[in-house]
1. Measuring from centroid to centroid over Cα atoms, what is the spacing of segment 133-192 and segment 75-131 in Å?
2. In whole percent, what relative contact order does segment 1-114 give with Cα contacts below 8 Å and a gap of six or more residues?
3. I need the phi-derived Karplus couplings for segment 161-176: 6.51 cos²θ - 1.76 cosθ + 1.60, θ = phi - 60°, integer Hz, Gly and Pro marked x.
4. Roughly how tilted is helix 78-91, in degrees to the nearest 10 and between 0 and 90, from the longest Cα axis of the chain?
5. Compute the long axis of helix 182-193 from its Cα atoms, compare it with the longest principal axis of the Cα atoms of the chain, and write down the angle in degrees, 0 to 90, nearest 10.
6. So, R0 is 22 Å and r is the distance between the beta-carbons of Ser131 and Thr174; what FRET efficiency does that work out to, to 0.05?
7. When the expected Rg is taken as 2.2 N^0.38 Å, what fraction or multiple of it is the alpha-carbon Rg of the chain?
8. Could you calculate the contour length gain from Ala60 to Arg163, that is, 0.36 nm times the residue separation minus the distance between their Cα atoms, to one decimal place in nm?
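Where a number appears in this text, it was derived from the coordinates with a stated rule and is not lab data. Note that the structure is predicted; figures quoted are calculated from it, not measured. Ideal geometry is used to build each Cβ from the backbone, glycine not excepted, and the neighbour counts take in all protein chains shown.
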Amino acid sequence: MILNIAETCGATRALGPGLRAVAWVQGCPFHCRGCVAPDWIPDRPARAMSPEELTEELLADPGVTGLTFSGGEPMEQAAGLAEVARLARTERNVSLLCFTGHRLETLTDRPGPAALLAQVDVLVDGRYVESRNDGRGLRGSDNQRIHYLTDRLRGHDLEDSPRRAEFRLRDDHTLLVGVPSPHVHAAWKRLTEQPSREKEPS
Ligand code: SF4
């Protein structure tokens, strides 16, 4: 079982309670207008990782207390991610938060998604609607629902909490971590879509 992973982040406080490691999968069947991660929509090869490799990477920071799966569309690789969650929990008692563009009701009778849902503590479901990005909570737009599938993270108000976003500078690209408000998203687009300027001769 091989996962197709767009990016990982070893430790952040921008995608759920506590210190969390994040995996974003490559490929999404939806094409939401204004998607914050359009490069991760195409179903193309990215990083091929076994569940064991991804688990090891996500647990590398000993301070991490939770995992977040996003994308792309995690339910497209649900069986592999379920295995990552299972492996991670044999080593550490991490919480699991997962984003999906699907609605919860449509997932429960499919084997892969059902296996992943059995591990998830909080599911954020539904398509992103750009005009309904109200800048609040751990969801891109207010039509998306936050399901507490276990009691583990129930004490955290994920619907109305202030948002946090981080820009990470990598060797050859910049990574946005978090659920951006419209203001932050616009700043991010200006930053990443700016044409590179050639040095003018003096
Ligand atoms: S479901 Fe998420 S990743 Fe997929 S297009 Fe919509 S916003 Fe982007």
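1. 17 Å
2. It rounds to 29 percent for segment 1-114.
3. Going residue by residue, I get 6, x, 8, 9, 9, 10, 9, 10, 8, 9, 4, 10, 6, 10, 10, 9 Hz, with x marking Gly and Pro.
4. It is inclined by approximately 70 degrees.
5. Taking the Cα atoms of the chain, the angle to 182-193 is about 60 degrees.
6. That gives a FRET efficiency of 0.25.
7. Rounded to two decimals, the normalised Rg is 1.01.
8. Value of the extension gain: 34.5 nm.
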